[in-house]
Amino acid sequence: MLTLERVSAGYGDTRVLNNVSFEVRRGEAVALLGRNGMGKTTTLRAIMGLNRAQSGHIFFKGQDISRLPPFAIARLGIGYAPEGRQLFAPLSVVQNLQIPFVNKQGNRSQWHARLERIYGLFPVLRERGHQAAGSLSGGEQQMVAIARTLIGGDDLIVLDEPTEGLAPTVVATIVGALEKLKAEGVTVLLVEQNTHTAFAIADRAYILEKGQIAAEGTTAALRQDGELLQRLLGVGVADDLLLAAPVQRSS
């Protein structure tokens with residue numbers, strides 16, 4: 001569904017990514033891991049056209065999107081939840097969801113069905129529907145940010161740090177929602193600092209080191225390579241994965 005071929009990108013004259021290549025197959029969840037400053041967010045922004053690739057190519061469902069503007073990329077069927085959520089704080093939850101729906105979905109008759117789907121994943125949002133997004137808790141705001149990627153019927157959702165700073169119960173809700181989406185055939189690409197959570201969600205992972213892909217594999221295989229995880233992600237990561245209890249899914 002998504003392929004990066006030797007993509008380099010950065011900010012101004014500063015290059016952050018160097019010849020990054022990877023793929024995300026239809027219906028799977030892929031995690032992009034790495035220490036801070038290794039290029040994870042830059043990769044997502046390059047995919048979305050927010051920091052256009054300086055070289056290389058990005059393909060979505062076979063179409064080269066490397067030179068398309070962000071709005072055109074979004075309308076092709078990619079939903080993006082950026083780090084920090086970036087909701088329209090004064091607008092209600094429902095209004096935040098209406099904006100991407102109207103911009104992406106030609107068939108307005110699907111609105112209520114799409115909204116019910118969101119409420120099925122995140123029941124608390126039904127109660128908060130007419131509340132200003134800026135007045136929600138951090139966890140509720142993150143649910144809205146993820147819901148915003150889904151409301152337009154996107155085939156691929158791209159999530160930047162979806163569980164950062166959230167309480168364990170909220171993390172469990174988000175993990176459970178992403179697993180339901182995978183079961184429905186939604187494809188997921190996520191950046192996640194919490195390796196344990198990333199491994200609970202993802203089928204495969206790529207690890208970035210200094211703007212390049214340093215390792216890749218199934219999460220099951222990577223989990224067993226303690227030396228690699230500690231070298232690329234930090235001391236103690238492998239132990240945390242081996243000792244941590246499984247993420248408790250919400251019912």
- prompt: Taking the Cβ of Gly10 as the center, what net charge do the other residues with Cβ under 13 Å away carry, scoring Lys and Arg +1 and Asp and Glu -1?
  reply: +3
- prompt: How would you classify the stretch 64-203 from its alpha-carbon gyration tensor, with a ≥ b ≥ c the square roots of the eigenvalues: rounded for a/c under 1.5, else prolate if a/b is greater than b/c, otherwise oblate?
  reply: rounded
- request: Have a look at the DSSP beta bridges in the stretch 81-225 and tell me what percent are antiparallel, nearest 5.
  value: 55 percent
message: Quick check: from the Cα gyration tensor, does the stretch 85-125 come out rounded (a/c under 1.5), prolate or oblate?
response: oblate
- line: Phi angles of the stretch 129-135, converted by Karplus (6.51 cos²θ - 1.76 cosθ + 1.60, θ = phi - 60°) into ³J(HN,Hα) in whole Hz with x for Gly and Pro, give x, 9, 8, 4, 4, x, 8
field: Which labelled figure in (i) 18.5; (ii) 23.1; (iii) 24.0 is Kirkwood radius over Cα pairs in Å, once derived from the coordinates
entry: (i)
- prompt: Shape of the stretch 168-225 from its Cα gyration tensor (a ≥ b ≥ c, root eigenvalues): rounded if a/c is under 1.5, otherwise prolate when a/b > b/c, or oblate?
  reply: prolate
task: Output the antiparallel fraction of DSSP beta bridges having both residues in the chain, as a percent to the nearest 5.
output: 55 percent
field: Accessible area per residue in Å² at 1.4 Å probe, computed on the chain
entry: 44 Å²
- prompt: Of the residues Glu28, Glu184, Glu161, which exhibits the maximal mean-square fluctuation in a Gaussian network model of the chain defined by a 10 Å Cα contact cut-off?
  reply: Glu184
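Work out the FRET efficiency for Ser109 and Lys61 from their Cβ-Cβ distance, taking R0 = 22 Å, and round it to the nearest 0.05.
Calculated value: 0.35.
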task: Over the stretch 13-56, with every protein chain in place, what whole percent of the accessible area is carbon and sulfur at 1.4 Å, could you tell me?
output: 37 percent
statement: Cβ-Cβ cut-off under 9 Å around Glu28, Lys and Arg +1, Asp and Glu -1: the net charge is +3
Summed residue charge, Cβ within 15 Å of Ser109's Cβ, Lys/Arg positive, Asp/Glu negative: +3
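With a 1.4 Å probe and all protein chains kept in place, how do Lys180, Lys104, Lys40 rank by accessible area, largest first?
Working: Lys180 95, Lys104 55, Lys40 15 Å².
Per-residue accessible area, sorted high to low, gives Lys180, Lys104, Lys40.
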- request: Report, in debye and to the nearest 20, how large the dipole of the chain comes out about its Cα centre when Lys and Arg carry +1 and Asp and Glu carry -1 on their Cβ.
  value: 740 debye
statement: Of every hundred units of 1.4 Å-probe accessible area on the stretch 123-230, the number belonging to carbon and sulfur atoms, as a percent, is 48 percent
- request: Of the options Ile47, Asn194, Thr14, report the single residue whose Cα projects farthest towards the positive end of the charge dipole of the chain (beta-carbon charges: Lys, Arg +1; Asp, Glu -1).
  value: Ile47
field: Cut-off 17 Å, label 7 Å out along Cα→Cβ of Arg6, residues of the stretch 192-216 by amide N
entry: 212-213
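The values are calculated or read from the model by the stated rules, or taken from the named source; none is laboratory data. Computed from a predicted model, the values in this text were never measured in an experiment. All Cβ positions, even for glycine, are placed from backbone atoms using ideal geometry, and neighbour counts span all protein chains on display. With ligands, DNA and RNA removed, areas are computed over all heavy atoms of the protein, side chains included. Shrake-Rupley method; radii C 1.70, N 1.55, O 1.52, S 1.80 Å.
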